[in-house]
Each structure stands twice: as structure tokens, then as C-alpha cells.
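Enquirer: Supplied in C-alpha cells, the structure appears directly below.
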Amino acid sequence: MEWGMRNRLAHLVQRDGKALFLPIDHGYFQGPTHCLERPGETIKPIWKYADALMMTRGILRNCIDPTMPKPIILRVSGAATVVGEDLANEGLITSTKEVIRLNAAAVSMSVFIGSKYEHQSLSNLAQLVDNCENYGIPVMAVTAVGKELERREARYLALCCRVAAEHGARVVKTYYCSDGFEKVVEGCPVPVVVAGGPKTETQRQVFDFVYDSIQKGAVGVNLGRNIWQSEHPVAVIRAIRAIVHEGYMPKEAHELFEKVKAGKS
Ligand code: R5P
């Protein structure tokens with residue numbers, strides 16, 4: 001692997017082999033998402049606990065201080081919304097020149113495997129990889145969004161992750177499943193991170209699935225709503241960071257969460 005690619009990947013996946021990405025890209029298909037109405041304000045108290053932040057160029061340019069010392073994963077697929085015909089009908093929305101201009105450490109795009117637009121999104125992924133590899137920029141494939149979210153089972157997720165890696169993704173984002181998640185990771189030759197999905201019913205559930213994902217081989221998380229939609233986002237992200245980077249068990253993470261929440265840490 002050439003130096004630029006290795007360097008960018010090292011900014012994402014840390015020396016301990018783990019990663020905590022904070023995505024705030026949800027507005028690209030659903031508009032002003034709850035708690036993300038003003039993304040710059042949302043991330044103010046929490047960005048420093050993340051290893052990288054993921055967003056579109058519009059949010060980066062307009063809401064993020066360019067001196068913020070965190071790598072950016074630029075979302076470069078879009079052009080479909082929740083009120084449109086089909087969320088899976090995405091295209092590439094940002095040129096490689098723009099990715100370089102914005103000094104992104106990586107780019108991300110969604111692939112809709114099993115949907116009507118499977119071929120389109122996978123072809124876009126391959127094209128994006130071809131373009132970005134020229135400049136040593138890693139591509140993170142975002143798998144299983146849209147209505148495929150209902151299919152959160154290991155066989156489907158494993159297929160998505162493997163296919164994305166075979167098309168050249170350097171990192172793959174998927175969803176956690178309680179049954180057989182290790183198979184999802186085993187079948188994927190590149191690092192896997194898990195998304196959070198909608199806010200869980202209890203706080204402890206997040207710590208449990210993050211811990212289990214790491215135990216089963218994920219390098220980390222790309223977790224948004226379960227952090228910034230919490231009433232205590234700093235406490236949540238610090239607890240998650242402790243699981244990802246410090247080997248905390250869910251119970252210990254929950255204790256840390258309570259401490260930070262109470263202002264005692
Ligand atoms: C959604 O399409 C975005 O790619 C998000 O970055 C991803 O789903 C992770 O965010 P969350 O943890 O809120 O699901």
C-alpha cells in the first residue's frame with residue numbers, strides 16, 4: 001500500500017486497530033434530522049472524542065470550522081430522499097477534485113444490495129474506488145441502508161460487506177446483528193465498522209451491541225443518532241470510546257456514562 005493511502009487509513013483506524021467515527025450526514029436524504037438541525041452546534045461538545053467525522057460537503061463547508069483537527073470522511077453519494085421515489089436510486093454527488101480540495105481523509109458512499117438499484121450503486125462504488133485510488137484516498141462503503149435495513153441478518157450483511165470489499169472498498173460500514181455477526185466480519189477482508197441505527201430503547205443496549213461488535217471482530221463504530229440524539233451525548237460518546245479504545249465491558253461503560261452524566265468525571 002502506498003504512503004498516502006496508509007497515512008489516511010492510519011488517521012481513521014487508530015494505532016490500537018480501533019476506530020470511532022461520528023457521522024452527521026443524515027440530512028443528505030432526510031433533511032434536518034432531530035438534534036442535527038444545526039450540525040455545527042451538535043458536534044461542539046463531542047467531536048473531540050471521535051477519531052473521524054462523516055458528513056457531506058455542504059455541511060462541511062457551512063457548519064464546520066476548518067481548523068477542527070479531525071479527519072473527515074466525505075459522503076459522496078446521494079441525490080435521493082425520503083420523500084422521493086426510491087432511496088436506493090443514488091448517484092455520485094461529489095467529484096474527486098472536490099474531495100481533494102476539501103482535504104478529506106476518506107470518502108463514503110452507500111451501496112443498496114438486493115435493491116432495484118444494486119447494479120447502479122455497485123458500479124458507482126467501483127468507479128469511485130478507481131478515481132480515489134489514483135490519489136490514495138480510501139473509500140468506505142456504507143451497506144444496507146434504505147428498506148434493506150429490515151434485513152438485518154448475518155447472511156445478508158455478510159454478503160453486502162464481502163461484495164463491497166470485492167468492489168474495492170477499503171473499509172465497510174454495516175449494521176450489527178445479534179446472531180452470527182462474527183461471520184459478517186470473517187467474510188470481509190477489510191475492516192468493518194458498525195452503524196447504530198435509530199436510537200435504542202435503553203442506554204445499555206448501545207453499550208451491549210458496541211461491545212459485542214468489537215468482540216466479534218469489528219474495528220469500531222460509525223455511530224450517529226445513538227450519540228447525538230441522546231440527552232447526554234458527551235456521556236454516551238465517552239462510554240463508547242471506552243469500549244472501543246480501552247476495552248471497557250458494557251457494565252463499566254454504563255458506569256462511566258452515569259458518572260459523566262452526573263458531572264463526576
Ligand atoms: C445513514 O445513511 C448514514 O450513512 C449514517 O452515517 C449511518 O447510518 C450511521 O448513523 P446512525 O448510527 O445514526 O445509524
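Since every read-out is calculated from the coordinates, none of them should be taken as a lab result. What you see is a predicted model; the values in this text were computed from it and never measured. Neighbour counts are summed over all protein chains in view; Cβ atoms, including those assigned to glycine, are modelled from backbone coordinates with ideal geometry.
Enquirer: At 25 °C and 0.890 mPa s, what whole-number value in µm²/s does Stokes-Einstein give for the translational diffusion of the stretch 30-187, with Rh from the Kirkwood sum over Cα pairs?
Expert: 149 µm²/s
Enquirer: Of the cross-linked pairs LYS97/LYS173; LYS216/LYS264; LYS48/LYS173; LYS18/LYS199, which ones have a Cα-Cα span greater than 26 Å in the structure shown?
Expert: Beyond 26 Å: LYS216/LYS264.
Enquirer: Mind checking the dipole of the chain: about its Cα centre, +1 per Lys or Arg Cβ, -1 per Asp or Glu Cβ, Debye to the nearest 20?
Expert: In debye, rounded to 20, the chain gives about 640.
Enquirer: Suppose the chain between LYS116 and ASP130 were pulled fully straight at 0.36 nm per residue; how much longer would it get relative to their current alpha carbon spacing?
Expert: So the chain would gain 2.7 nm between LYS116 and ASP130.
Enquirer: In addition: For the stretch 27-95, taking Cα atoms only, what is the radius of gyration to one decimal and the Dmax to the nearest whole Å?
Expert: 13.0, 39
Enquirer: Just want the ordering: LYS116, LYS70, from fewest to most Cβ atoms lying within 10 Å of their own Cβ.
Expert: If I rank by nearby Cβ atoms, fewest first, I get LYS116, LYS70.
Enquirer: Can you compute the FRET efficiency between LYS264 and THR67 using 1/(1 + (r/R0)^6), with r the Cβ-Cβ distance and R0 = 41 Å? Round to the nearest 0.05.
Expert: The value I calculate is 0.85.
Enquirer: Let me ask something else about it. How high is the FRET efficiency from GLU166 to HIS232, r the C-beta distance, R0 35 Å, rounded to 0.05?
Expert: My answer for the efficiency is 0.30.
Enquirer: Distance from the Cα centre of the stretch 60-94 to that of the stretch 206-265, in angstrom?
Expert: Cα centroid of the stretch 60-94 versus Cα centroid of the stretch 206-265: 25 Å apart.
Enquirer: Mind checking the stretch 1-37 for trypsin sites (Lys or Arg not before Pro) that DSSP puts in a loop (not H, G, I, E or B) and that have at most 16 other Cβ atoms within 10 Å?
Expert: ARG15
Enquirer: Can you give me the distance in nm between label points at LYS48 and ALA79, each placed 7 Å from the Cα along the Cα-to-Cβ direction?
Expert: 4.1 nm
Enquirer: Taking other Cβ within 10 Å of each residue's Cβ, how do VAL206, VAL82 sort, fewest first?
Expert: So the ranking, lowest neighbour count to highest, is VAL82, VAL206.
Enquirer: With r defined as the distance between the Cβ atoms of ASN89 and MET249 and R0 fixed at 41 Å, what FRET efficiency is calculated, to the nearest 0.05?
Expert: Working from the Cβ atoms, E equals 0.45.
Enquirer: Would you please report the Å³ per residue occupied by the convex hull of the alpha carbon atoms in the chain?
Expert: Roughly 119 Å³ of hull volume per residue.
Enquirer: How much length, in nm to one decimal, is gained on full extension between ASP16 and SER178, taken as 0.36 nm per residue of separation minus their Cα-Cα distance?
Expert: 55.8 nm
Enquirer: Using a 4.7 Å Cβ cut-off, which Cys residues in the chain lack a partner cysteine?
Expert: CYS35, CYS63, CYS132, CYS160, CYS177
Enquirer: Moving on. Output ³J(HN,Hα) for the stretch 109-117: one whole-Hz value per residue in order, computed from phi by the Karplus curve 6.51 cos²θ - 1.76 cosθ + 1.60 with θ = phi - 60°, and x for Gly and Pro.
Expert: 8, 8, 10, 10, 6, x, 9, 4, 9
Enquirer: Taking other Cβ within 10 Å of each residue's Cβ, how do LEU92, LEU36 sort, fewest first?
Expert: By the 10 Å Cβ count, ascending: LEU92, LEU36.
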